[in-house]
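One structure is given below, encoded as structure tokens.
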Amino acid sequence: MSPEPSTATTGKNIGEGLTMTTEQIWEAVLARLSEKLSRMEFHTWFPKVQLARIEGGGAMVLAPTDMHRNWLSSKYRGIILSNLQAVSPQVDQVYFDTDLSLSNAPVAYPALFEKQLSAKKIRHEPTVRLQEGVESRVLSSHLTLRNFIVGEENRLAHAACMAVAEAAGKEKKYNPLFIYGGVGLGKTHLLQGTANEVLRRDGEAVVVYTTAERFLNELVKAIRQRKTDEFRKKYRRTDVLIIDDVQFFDGKEHAQDELFNTFNDLFEGQKQIIFAADRPPSELTGIADRLRSRMGWGLTVDVQLPSFETRIAIVQQKAQAADLLLPADIEQFLAANVRKTLREVENLVNQIRAEVELTHTPPTLQSVSRILRKLNPSAPLQTADEAKRGIARNTDDIITFIADYFGIPATDILGTSRKQQVVFARQLCWVLCRDVLRMSYEQIGEDFGGKNHTTIMHGVKKIHQQLESDAHTARHLHAIKADLGVK
Ligand code: ADP
Ligand code: MG
């Protein structure tokens, strides 16, 4: 697939330009903590805490007093670490120190704490104020950008939505924004989250979230009742128009014409437009060229199935939202078995909760397996360990995969070629054998034609060094791990 010129996408190259600063990392961690901790805890302990730096795998967190530091270190170390890791996977340790100057410093991320500071100004349950009152029913206030769990697979889409929400009313950089991806990967959540975020920031904004299907039905009804003028007016006075599942417009010429004109009007008026679909604009072949090309005028981003670790966080979040306390092994087991769409997560959590309530016994791996099997009888269940290893079960799997990824013969990787790309591919295989299969250098050496373990060690070290200095290597390794379904 060749992306259209103006679209910045996707998949393997999303790493580019997305390195986060320490501030951004800490802001993302705080956003996550604000969802996980009680409001009281969050507002008591976190407004004046800062992330000083991340070096190697260590993150240094600063607190304004010694007492504060001790408290964080004893009570919140785990949750800070796990959320730091979710945002910045290289972190494996958190250290705490005191920085007395923080006591008098202003709150660094007021937006995150403003719920308390100015509780009255923030609208918690925005409603879309349109005369018909229809839109407010489809917009769910539970879907927000804050409770959207961010992993590599959806980071760009989430960042784009955030940027769009922040820019509402200002100059539009990403217009239109087009999000695509398979069923149940979070498109609707992002779209509705953006609508909610725009409204949270500006209660006066006119935001319409609708689906292509509803748009069409409304149009048909308007035509029947001879009210197309009203229909047009309604859509053309929006500040932000969001249309979900636009693949539904396939072959619906009349609706496409209407949308085309609406689009032109809004675009000229500098209003934000957001679309989501199950595929990129270039593949929406049932949509007229002129509309399709406009859909790709701005930023096109995809969402993919989150990694196992991110899925755990999503399970945790949905469980928490349902007031269900799940032991870690069950969270992992659920995450391991949600492999195509995240739609099941909520359903699973609700079923588990119902069972817990009815039987008054905590969930077990057995009871959860039963529910999983009932929901999806044909899918074989996977353990968390299997999920961590993804599709790489042995050295051969890894070699085949890497050979395929770089488009070079597996025999070259196993051979003695010194060509740069082959050497790189070979060393990446070793790294994966270490990281994913937990093999010893000796074992790896054996599987690679009886190489000495020091050769392997040297190669692995070289890749690790490159990871520090060369974004290219990091991007490849990340993309490979994502495709293998491992962290
Ligand atoms: P799509 O529109 O792509 O088919 P949805 O947005 O309806 O998918 O997502 C399906 C379910 O998964 C919803 O319950 C949604 O809240 C949840 N979900 C998807 N991605 C995330 C995420 N990153 N964080 C939290 N929940 C998510
Ligand atoms: Mg959807």
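Expressed as a whole percent, the proportion of Cα-Cα pairs in segment 371-487 lying more than 24 Å apart is 27%.
For segment 42-101, the Cβ-based charge dipole about the Cα centre amounts to some 180 debye (Lys, Arg positive; Asp, Glu negative; other atoms uncharged). Around the amide H of Asn175, modelled in the peptide plane, lie the amide H atoms of Leu299, all under 5 Å away and 5 or more residues distant in sequence or on another chain.
Placing a label point 7 Å from the Cα of Val356 along the Cα-to-Cβ direction, the residues of segment 364-406 whose backbone N falls under 20 Å of that point are 364-375, 384. The trypsin sites (Lys or Arg not before Pro) of segment 159-240 meeting both criteria, a DSSP state outside H, G, I, E and B (loop) and at most 16 other C-beta atoms within 10 angstrom of the site's C-beta, are Lys170, Lys173, Arg226, Lys227, Arg237. Can you give the % of DSSP beta bridges in segment 180-309 that are antiparallel, to the nearest 5? Just about 0 percent of them are antiparallel.
Quick one: if the Förster radius is 51 Å, what FRET efficiency do Glu268 and Thr44 give, using the C-beta to C-beta distance and rounding to 0.05? Can you show the working numbers first?
Numbers: r = 49 Å, r/R0 = 0.96.
That gives a FRET efficiency of 0.55.
Roughly speaking, what is the stretch gain from Lys374 to Phe260, that is 0.36 nm per residue apart minus the C-alpha to C-alpha distance, in nm to one decimal?
Values: separation 114, 0.36 × 114 = 41.04 nm, distance 4.45 nm.
Result for the pair: 36.6 nm of gain on full extension.
Under 13 Å from a label point set 7 Å out along the Cα-to-Cβ vector of Gln421, no amide N atom of segment 452-487 is found.
Let's test the formula: R0 of 45 Å, r as the Cβ-Cβ distance of Ala167 and Thr285. What FRET efficiency results, to the nearest 0.05?
Numbers: r = 31 Å, r/R0 = 0.69.
Efficiency, rounded to the nearest 0.05: 0.90.
Quick check: residue separation of Arg237 and Thr454 times 0.36 nm, minus the Cα distance between them. What number comes out in nm? Write down the numbers at each step before the final one.
Values: separation 217, 0.36 × 217 = 78.12 nm, distance 6.81 nm.
Length gained, Arg237 through Thr454: 71.3 nm.
Here the chain carries DSSP beta bridges of which approximately 20% are antiparallel, counting only pairs with both residues inside.
Of Glu446, Glu27, Glu268, the sequence from fewest to most neighbouring Cβ atoms within 10 angstrom is Glu268, Glu446, Glu27.
Taking a Cβ cut-off of under 15 Å around Tyr441, the surrounding Lys, Arg, Asp and Glu residues balance to a net charge of +2, with basic ones at +1 and acidic ones at -1.
Rounded to the nearest 10 degrees, the inclination of helix 453-469 to the longest alpha-carbon principal axis of the chain is 30 degrees. Taking 0.36 nm per residue of sequence separation and removing the Cα-Cα distance, the Asp250/Lys227 pair yields an extension gain of 5.9 nm. Cα extents for the chain along the principal axes, largest to smallest and rounded to whole angstrom: 81, 59, 51.
Which of the trypsin sites (Lys or Arg not before Pro) across segment 284-384 are loop residues per DSSP, with 14 or fewer other Cβ within 10 Å? Present the calculation step by step, with values, prior to reporting the outcome.
Values: sites: Arg290, Arg292, Arg294, Arg311, Lys318, Arg339, Lys340, Arg343, Arg353, Arg370, Arg373, Lys374; in loops: Arg339, Lys340.
Answer in residue order: Lys340.
Of the residues Ser378, Ser74, Ser307, the one with the fewest other Cβ atoms within 10 Å heads the list, and the complete ranking is Ser378, Ser74, Ser307.
We did not get these values from a lab; they are worked out from the coordinates using the rules stated. Note that the structure is a prediction, hence the values are computed from the model and not measured. Glycine gets a Cβ as well: all are built from the backbone with ideal geometry, and neighbour counts include every protein chain shown.
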